[in-house]
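Report on one structure; see the data block that follows.
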Amino acid sequence: MASSSSEVKESTSRGDGGDRPNTKEDDRKEDNLLECNICLDTAKDAVVSLCGHLFCWPCLHQWLETRPNRQVCPVCKAAISRDKVVPLYGRGSTQQQDPREKVPPRPAGQRTEPESGNGFSGFGFGDGGFHMSFGIGAFPFGFFTSTFNFGEPRPNVPAQGTPQYMEEQFLSKVFLWLALIFIAWLLLA
Amino acid sequence: MAQNVNPLYEPQNTNSGKEGEMVKLPQNDGHAVTKRLHKELMSLMMSADQSISAFPDGENLFSWVGTVWGPKDSVYEELKFKLSFQFPNSYPYKAPVVKFVTPCFHPNVDTQGNICLDILKDNWSALYDVRTILLSIQALLDEPNVDSPLNGLAAETWTKKDEYRQHVMAMYKEV
């Protein structure tokens, strides 16, 4: 079976005669376009840097590993990093791969959701408004009144970045540490 | 890290569920390096450039001998320089060690043949290959960096062409 089909191929390729070398040349050029810039072979698990250069992910990963302090594109020396490459997914190309060759896994493509107006608000949970507070009252009894409050009615969280937000973060850290020190003291005493 | 450095290390059972952390890369074995060196050799042999050439030194593909002709209209014109290439197992992630075998009077080449060239040190890129190294060295011959010389005399006399040429010819010895 196999031999006959190859014969057919042979005869058809012989058929096109004159322009064959030309197409072969074109094919080779085409191949070169898809070659990894590091191993010079056809790119496997291909990724493209933001500056547009093609690599095998294992090749590029190793390049980044060998110089963790100065990660630059081997071609144009633009800044490059794990997060700044885009994987190329050909049609059905990633299925039958030896998992060993997947190591380390290629960074995933980034998919941005289209904007869809305002999301829901109201639940303290949904929009990242999770609070944990640790209150200390009359020691030692008040210690146990510490509560977790999930979305209880309480003043709105100030927007991230505002001085008030920073202040609250700072305060909550201070109290957390205080609580930890008390616990440590309790245990040691 | 050690696993990635030592090409002889072959982890036997890496598929035990902790992939993704620290597993030997498929690229970092002798085979990938050999494959790339073969490709470089092929493209060098196909190229029409007469002024540079390189070929493996005997059986060992990790050691090559290259030749560079001095650039036209330079003091090195008509002189042929031999260079040795030693490829590490981590090639092309690490640069090969390149040395002049032919004695060369040049500000950036010392008496042992060591070359001070940025792309062979900090500015190495995995993209560079034997051909680009040879071309860079050829360019370096006529455009030395006299500010950080390995050969002080060469750096001092660089501007006095006649004297410089005499030094070059006195040191040159075809091998």
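The values are calculated or read from the model by the stated rules, or taken from the named source; none is laboratory data. Note that the structure is a prediction, hence the values are computed from the model and not measured. Every residue, glycine as well, gets a Cβ built from its backbone with ideal geometry; the counts of neighbours run over all protein chains shown. Note: accessible area is taken over every heavy atom of the protein model, side chains too, but ligands, DNA and RNA are not part of it. Shrake-Rupley method; radii C 1.70, N 1.55, O 1.52, S 1.80 Å.
Remarks
- In segment B:44-65, the residue that is farthest from the chain's Cα centre (by Cα) out of those that are surrounded by 13 or more Cβ atoms within 10 Å (Cβ to Cβ) and outside any strand (DSSP E or B) is B:S51.
- Condition check for B:F85 on (1) more than 14 Å from the chain's Cα centre (by Cα); (2) at pLDDT 95 or above: one failure, at (1).
- Which listed residue, of B:F100, B:F85, B:F105, B:F81, is open to solvent by less than 40 Å² (accessible area, probe 1.4 Å) and more than 30 Å from B:L61 (Cβ to Cβ): B:F105
- Enumeration of residues in segment B:30-43 that are more than 11 Å from chain A (Cβ to nearest Cβ) and surrounded by 15 or more Cβ atoms within 10 Å (Cβ to Cβ): B:L41
- Screening B:V175 with (1) more than 30 Å from B:M42 (Cβ to Cβ); (2) in contact with a strand residue (DSSP E or B) (Cβ under 8 Å, 6 or more places away or on another chain); (3) open to solvent by 80 Å² or more (accessible area, probe 1.4 Å) gives one miss only, at (1).
- Residue in segment B:112-130 that is assigned to a helix (DSSP H, G or I), within 14 Å of chain A (Cβ to nearest Cβ) and either more than 17 Å from the chain's Cα centre (by Cα) or within 21 Å of B:K80 (Cβ to Cβ) (or both) present: yes
- Selection within segment B:150-172 - under 12 Å from B:P107 (Cα atoms) and open to solvent by 90 Å² or more (accessible area, probe 1.4 Å): B:E156, B:T159
- In this structure, B:V68 does not satisfy being within 14 Å of another protein chain (Cβ to nearest Cβ) and open to solvent by less than 10 Å² (accessible area, probe 1.4 Å).
- Out of B:P92, B:P107, one residue alone is within 14 Å of chain A (Cβ to nearest Cβ), under 30 Å from A:C76 (Cβ atoms) and in contact with a Cys (Cβ under 9 Å, 6 or more places away or on another chain). It is B:P92.
- Only a single item in (1) under 22 Å from B:F55 (Cβ atoms); (2) open to solvent by 20 Å² or more (accessible area, probe 1.4 Å) is not met by B:D147, and it is number (1).
- The combined condition, being in contact with a Gly (Cβ under 6 Å, 6 or more places away or on another chain) and under 30 Å from A:C56 (Cβ atoms), is fulfilled by B:A54.
- Filtering segment A:63-85 to residues that are farther than 22 Å from A:Q110 by Cα, open to solvent by 50 Å² or more (accessible area, probe 1.4 Å) and touching a helix residue (DSSP H, G or I) at 6+ places or on another chain (Cβ under 9 Å) leaves only A:E65.
- Residues of segment A:31-47 satisfying the condition of being more than 9 Å from chain B (Cβ to nearest Cβ) and open to solvent by less than 30 Å² (accessible area, probe 1.4 Å): A:C36, A:A43, A:D45, A:A46, A:V47
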